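> A single structure is presented below for examination.
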Amino acid sequence: MLKDLLSRWPLIQQIRTRADGTGLEAMSQRTRELRPKTDGAQVTPSICPYCGVGCGQLVYHKNGKLISIEGDPQSPISRGHLCPKGADTYELHTHPGRLKKVKYRAPYSREWQEIELERAMDMVAERMWDTRDRTFQEARDSNSLMQTTAMAHLGGATLDNEENYLIKKLFTAGLGMVCISNQARI
Ligand code: SF4
């Protein structure tokens, strides 16, 4: 019993193995058996949702539940690193204060009300169409214009080339919007 206890003592192990006390010999059995929270989780590669740098992330999940989001060492852009904002992506998804309902403040109202996403999308579409109807210019000085400058679209950083292509096609070719930009172009 005593012998067993002594043999597990890090100092004895250090003397016995002539190690410098910074490796396994300095760990208790409990520490050696500790496993990372991502142990046994499935992992899905992703991209940080925040800015145009596009750092690689690994999304760990188990049984449909998010476990952790870490930097992806295989990413040629970030090589496993995330800035403080990207390192907080897990909290972005899981923080109890995260808003999950659309908030709407009616004109002249001082109160916010929660509305369904479906209704919010309908309201956006109706207002866009109404604005286009009121402001669309077919011609100026006998030259064909076919445009409206009354609406603009600013894309987010995580939009990729294909999404930007579709946005430009829908908004410019479809609605005649010319004021279209993207926060980041990578
Ligand atoms: S980790 Fe930071 S630098 Fe990288 S994409 Fe996210 S916000 Fe940008």
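The values are calculated or read from the model by the stated rules, or taken from the named source; none is laboratory data. All of these numbers come straight from a predicted model, not from anything done at the bench. Ideal geometry is used to build each Cβ from the backbone, glycine not excepted, and the neighbour counts take in all protein chains shown.
> If I ask for residues that are at pLDDT 95 or above and farther than 27 Å from residue 175 by Cα, which ones from the stretch 98-127 would you list?
Listed by number, the residues that qualify are 108, 109, 110, 111, 112, 113, 114.
> Also, quick follow-up: If a residue has to be among the basic types (Lys, Arg) and more than 10 Å from the ligand (Cβ to nearest atom) to count, how many in the stretch 68-92 make the cut?
So the count comes out to 1.
> Could you give every pair whose Cβ atoms fall below 8 Å, whose first residue belongs to the stretch 76-94 and is within 14 Å of residue 59 (Cβ to Cβ) and free of Cβ contacts under 8 Å to residues at least 60 places away in the same chain, and whose second residue is of a type in the set (S, T, N, Q) and more than 11 Å from the ligand (Cβ to nearest atom), counting only separations of at least 6 or pairs across chains?
Close Cβ pairs (under 8 Å, with a partner that is of a type in the set (S, T, N, Q) and more than 11 Å from the ligand (Cβ to nearest atom)) amount to 90/68.
> On the given criteria, is residue 52 touching a Gly at 6+ places or on another chain (Cβ under 8 Å) and within 16 Å of the ligand (Cβ to nearest atom)?
When the stated conditions are applied, residue 52 does not pass them.
> While we're here: Tell me yes or no: at least one residue of the stretch 9-22 is among the aromatic types (Phe, Trp, Tyr), without any contact (Cβ under 8 Å) to a residue 40 or more places away in the chain and surrounded by 10 or more Cβ atoms within 10 Å (Cβ to Cβ).
Yes - at least one qualifying residue is present in the stretch 9-22.
> Sticking with this structure for a sec: Could you tell me whether any residue of the stretch 102-125 is within 16 Å of the ligand (Cβ to nearest atom), under 25 Å from residue 47 (Cβ atoms) and of a type in the set (A, V, I, L, M, F, W, C)?
no
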